[in-house]
Amino acid sequence: MEMSLEKQLDIIKRGAVEILPMDELVKKLEKSIRNNKPLKVKLGLDPSAPDIHLGHTVVLQKLKQFQDLGHEIILIIGDFTGRIGDPTGKSTTRKQLTEEEINKNAETYKKQIFRILDPKRTEVVYNSHWLANFKFEDVIRLAAKTTVARILERDDFKKRYEDNQPIGIHEFFYPLMQGYDSVELKADIELGGTDQKFNLLMGRNLQKEYGQEGQIALMMPILEGLDGIMKMSKSLNNYIGVEDSPKEMFGKVMSIKDELIIRYFKLVTQLSNEEINIMEQEMTRGKNPRDYKIKLAKTIIGQYHNASDAIKAEEEFINIFSKNQMPENIDEIELMVDGDGNYWVPKLLQILGLVNSTSDGKRVFDQSGVKINGEKITEVNIKVENAMVIQVGKRKFAKIIIK
């Protein structure tokens, strides 16, 4: 390995919440450099949903850093473990996915993941290749490597047990199977979020039980969403999706709190530590955070789209917010109008896809967040007209085309 130990550690530690044990990581890196042999770095993913957002990419960005350092990247698609579902953080037994659902989600995952990782230098494996071949005797032997007391140390299992909530026996096998993946691959390092600490350490313990050197567990933080408080989540509607349009990405990034700018740079971009440190110092000295928010938005768009799209998104954002203009390209929605064409605004917003529900629509209307052709409306019942432009908040627009 060409890069020095100190430089590698500086990159690897960036943004990490915890690395266990740190002294063993140093030894592994020293041996890797000495023998010019890359470390095996593992990340396991259960394709439980078809789309990913920036919160999911925090560990992928760290994986990219390991890849750029020359280490061997192994991405495990948990098609077998996904049939159980990771019980981490769950208060009830998780719905088991079908093989068809898993395979479909896995293909979507890979497409999105390779916007970050180099597919030519990423090994993708499915854990059904070894777990599906287990005989019942193998399962018993694996189960014998830990105890019920150890499994119940997990906060989610412990809480459910104390609350008399049901826990399926099959759920106990999830951390064992994820841990066995590390045994099968002889992983040197496994990445995961802070909520995966138990599973990562289970892999380390199982490796030792099977006579291997224990892997290093590297935990990355859970990324806050656009509200700056709750974790990024589609269900909370505070997310930036990697499949979002450049315009949507730009607007969402510009809405984050100033104190999150540097954190986002560290966790979801590949800008150097030196460049990020300079920006942090300049903001401390009073430079306008908005300039760095624009840079962050363009950097993120450049990762998932291209630099040209980032420039266009910036121009459109400035036109809308600074010059109070409408965007050039507004989605046109065909609308079947019956009778006199009168609509209750909250329902109309839902039909146009500008809000998730009529209750959301009523909330934005009550907050004076709805405009028609650039003018705020105060009447909750309106008559729709052809080519009418409806705006919700600062970023959502729709043009009505009457059938």
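K62 meets the conditions (1) at pLDDT below 95; (2) of a type in the set (K, R); (3) crowded, with 20+ Cβ neighbours inside 10 Å in every case but one. The failed one is (1). Candidates in the stretch 12-41 are the residues that are touching a helix residue (DSSP H, G or I) at 6+ places or on another chain (Cβ under 6 Å) and under 18 Å from L75 (Cα atoms); of these, the one that is surrounded by the fewest Cβ atoms within 10 Å (Cβ to Cβ) is L39. Within the stretch 155-213, the set of residues being surrounded by 17 or more Cβ atoms within 10 Å (Cβ to Cβ) and among the aromatic types (F, W, Y) comprises F157, F172, F173, Y174, Y180, F198.
Under the condition of being at pLDDT below 95 and either part of a helix (DSSP H, G or I) or over 16 Å from L200 (Cβ atoms) (or both), the residues counted in the stretch 65-86 number 8. Answer with yes or no whether E274 is over 20 Å from R395 (Cβ atoms) and in contact (Cβ under 8 Å) with a residue 12 or more places away in the chain. No; evaluated as a whole, the condition is false for this residue. When restricted to residues that are touching a residue at least 60 places away in the same chain (Cβ under 8 Å) and either assigned by TED's automatic domain parsing to the domain that holds Q270 or in a helix (DSSP H, G or I) (or both), the stretch 4-31 contains 7. Could you tell me whether I189 is under 22 Å from L39 (Cα atoms) and β-branched (V, I, T)? So I189 fits the description; yes.
Residues considered: K362, K376. Of these, the only one that is within 36 Å of the chain's Cα centre (by Cα) and in contact (Cβ under 8 Å) with a residue 12 or more places away in the chain is K362.
Would you mind stating whether R263 is assigned by TED's automatic domain parsing to the domain that holds K27, of a type in the set (K, R) and modelled with pLDDT of 90 or more? Here the answer is no, as R263 does not meet what is asked. Selection over the stretch 279-300 of residues that are in contact with a helix residue (DSSP H, G or I) (Cβ under 9 Å, 6 or more places away or on another chain) and part of a loop (DSSP other than H, G, I, E, B) gives a count of 1.
Residues checked against (1) assigned by TED's automatic domain parsing to the domain that holds D155; (2) under 23 Å from L60 (Cβ atoms); (3) of a type outside the set (D, E, K, R):
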| residue | (1), (2), (3) |
| --- | --- |
| D181 | yes, yes, no |
| E184 | yes, yes, no |
| D188 | yes, yes, no |
| L191 | yes, yes, yes |
| Q196 | yes, yes, yes |
| N199 | yes, yes, yes |
| G203 | yes, yes, yes |
| I216 | yes, yes, yes |
| I229 | no, no, yes |
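On inspection, Q212 qualifies as assigned to a loop (DSSP other than H, G, I, E, B), assigned by TED's automatic domain parsing to the domain that holds V59, more than 30 Å from P327 (Cβ to Cβ) and modelled with pLDDT of 95 or more. Annotation note: of E259, E248, E274, E332, the sole residue that is closer than 27 Å to I116 by Cβ, over 22 Å from the mean Cα position of the chain (by Cα) and not polar (S, T, N, Q) is E274.
The values are calculated or read from the model by the stated rules, or taken from the named source; none is laboratory data. Small disclaimer: the values here were computed from a predicted structure and weren't measured. Because the Cβ atoms are built from the backbone with ideal geometry, glycine has one as well, and the counts that use them run over all protein chains shown.
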